[in-house]
Amino acid sequence: MAKITFITSDNETIVAEADSGSVMELAVANSVSGIDGDCGGVCSCATCHVHVDPDHVSKTGEASEIEADMLELADNYNERSRLCCQIEVSDKLDGVVLHVAN
Ligand code: FES
């Protein structure tokens, strides 16, 4: 089980738990503002863009090449950007903090 904290652009904090699925699915299920998941999680919309907290980048890992190509076109892109549909929930993510970039 992983507990994941989302911080929206309005500074709302939402803590959600899951043990499988993608982080985008978890965010949508918990109505995290700014995470829409328009493409259904196939890495082609960037409506699931987050900035990983600087202390937690090692937990989420790096974006794949396809993901990075999509991210470079997104608003608010930075070196901590991820598309959270591409992050699978696992125990490793427990305690991660993600800042919604949209
Ligand atoms: S849901 Fe579309 S890129 Fe993540």
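Taken together, the values in this text are just the output of simple stated rules run on the coordinates, not laboratory data. Because the structure is predicted, anything quoted here is derived from the model rather than measured. Here Cβ is always computed from backbone atoms with ideal geometry, including for glycine, and neighbour counts include all displayed protein chains.
What's the extension gain from Ser64 to Ala29 if we count 0.36 nm per residue and subtract their Cα-Cα distance? Before the final figure, lay out each step's value.
Details: separation 35, 0.36 × 35 = 12.60 nm, distance 2.46 nm.
Stretched out fully, the Ser64 to Ala29 stretch lengthens by 10.1 nm.
Close amide H pairs (under 5 Å, H built 1.01 Å from N) link Ser22 with Val89, residues at least 5 positions away or on another chain.
Subtracting the Cα-Cα distance of Thr13 and Asn102 from 0.36 nm times their residue separation leaves 30.6 nm of extension gain.
Roughly what % of Cα-Cα distances in the chain sit above 15 Å, to the whole percent? Intermediate results must be reported in sequence, preceding the final value.
On the way: 2794 of 5151 pairs.
Result: 54 percent of Cα pairs exceed 15 Å.
One chain, two ends: Asp75 and Val57. Fully extended at 0.36 nm per residue, the span grows by 4.5 nm beyond their Cα-Cα distance. Projecting label points 7 angstrom from Cα along Cα→Cβ for Asp36 and Met1 puts them 3.3 nm apart. Using θ = phi - 60° in the Karplus curve 6.51 cos²θ - 1.76 cosθ + 1.60, the 3J(HN,Hα) couplings for region 89-102 round to 5, 7, 4, 4, 7, 4, x, 5, 10, 10, 9, 5, 9, 8 Hz; x is entered for Gly and Pro. With point charges of +1 on the Cβ of Lys and Arg and -1 on the Cβ of Asp and Glu, referenced to the Cα centre of the chain, which listed residue (Leu73, Cys48, Asn11) lies farthest in the positive direction of the dipole? Result: Asn11.
Net charge dipole, the chain: roughly 160 debye, given to the nearest 20, about the Cα centre with Cβ charges of +1 for Lys and Arg and -1 for Asp and Glu.
Our coupling estimate for region 66-71, obtained by passing each phi through the Karplus curve with A = 6.51, B = -1.76, C = 1.60 and θ = phi - 60°, is 5, 5, 4, 4, 5, 5 Hz, Gly and Pro reported as x.
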